[in-house]
Amino acid sequence: MTSEQIRDPETDDLLTPRNAAVVIIDYQPVQVNSIASMDRQLLVDNIVGVAKIARAYEVPIVHSTVNVQTGLNKPPIPQLRQALDGLPTYDRTSINAWEDREFVEAVKATGRRKLVMAALWTEACLTFPTLDALREGYQVYPVTDAVGGTSLAAHETALRRVEQAGARPITWVQLLCELQRDWARKETVGDFTRLFIETGGTAGLQFAYDRDEH
């Protein structure tokens, strides 16, 4: 049971804590409450899970909101604010975050070319910056179960559009497993198990049962 030598975490083709950044856009009350493509509580649980995964594995996070400073919109939902406590937020007026200078500068400042992206809505605030980032040579990984649209058709059509442009769909579970990759990386096994339990799903139920037995 000998694992291969750990690949260079900066050049690995798969996601690692050293080559990826997480981008979270517009998880504000109006946007969350208008989602019709999936259960809203599940959406909240999943995006909070994405944020906690990034923090546990020390992946840089770029967080953006829209129209908070203008007074036209509210701050992010409290569950996400708590998960991102202490991190800066880049507020904008543009629907497309890639048309905001401070946001793009923050993304570039991470030095990462793999962007794990989640935004509301799928058909607008996820699609537009994804397409622009792809054109600039980034690899973009939309977290499909942590994003949502104003209808199922809008959500699915937007995902097809970005995938056709080269985006690489991912789920929060896949993100967590890809960052961990090997049980021999013991320093993050505890966080791995905890995040499954906190975020939920069938694996989380089993992990919680196994932990209780011990």
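The values are calculated or read from the model by the stated rules, or taken from the named source; none is laboratory data. Small disclaimer: the values here were computed from a predicted structure and weren't measured. Cβ sites come from the backbone with ideal geometry, for glycine too, and all protein chains shown count toward neighbours. These area figures cover heavy atoms from the full protein model, side chains too; ligands, DNA and RNA do not enter into them. Shrake-Rupley method; radii C 1.70, N 1.55, O 1.52, S 1.80 Å.
Packing around the peptides 84-92, 148-156, taken as the average count of other Cβ atoms within 10 Å per residue, puts them in this order, highest first: 148-156, 84-92.
Our helix-only sum for the chain, with -39,500 (n - 2.57) per DSSP H run of n ≥ 4 divided by its residues, gives a mean residue ellipticity at 222 nm of -12500 deg cm²/dmol.
Ranking VAL189, THR11, TRP98 by how far each Cα lies toward the positive end of the dipole of the chain (charges on Cβ) leaves TRP98 at the top.
Tell me the net charge near ASP100. Cut-off is 15 Å between Cβ atoms, ASP100 excluded, with +1 for each Lys or Arg and -1 for each Asp or Glu.
Values: positive: ARG92, ARG101, LYS108; negative: ASP26, ASP91, GLU99, GLU102, GLU105, ASP132, GLU136.
Net local charge, ASP100 excluded: -4.
Using alpha carbons only, the radius of gyration of region 10-107 set against its Kirkwood radius gives Rg/Rh = 0.97. Using only alpha carbons, region 107-208 has a radius of gyration to Kirkwood radius ratio (Rg to Rh) of 1.03.
I'd like the carbon and sulfur percentage of the solvent accessible area for the chain, probe radius 1.4 Å, heavy atoms only, ligands and nucleic acids excluded. Display every interim value, and only then the final one.
On the way: 5520 of 10870 Å².
About 51 percent, which is the carbon plus sulfur part of the accessible surface.
Given a Förster distance of 45 Å, report the FRET efficiency between LEU72 and ALA184 from their Cβ-Cβ distance, rounded to the nearest 0.05. The value I calculate is 0.35. Summing Cβ point charges (Lys, Arg +1; Asp, Glu -1) relative to the Cα centre of the chain gives a dipole of roughly 280 debye.
Pairwise over distinct Cα atoms, reciprocal of the mean inverse distance: report the Kirkwood radius of the chain in Å, one decimal place.
Numbers: mean 1/r = 0.0569 Å⁻¹.
Result for the chain stands at 17.6 Å.
In this structure region 77-171 gives 46 Å² per residue of accessible area when probed at 1.4 Å with all protein chains present.
For LYS114, no lysines have a Cα falling under 17 Å of its own Cα, not counting residues fewer than eight places away in the same chain. Across MET117, MET38, the residue with the most accessible area heads the list, and the full order at a 1.4 Å probe is MET38, MET117.
Hydrodynamic radius of region 16-58 by the Kirkwood approach over all distinct alpha-carbon pairs: 11.6 Å.
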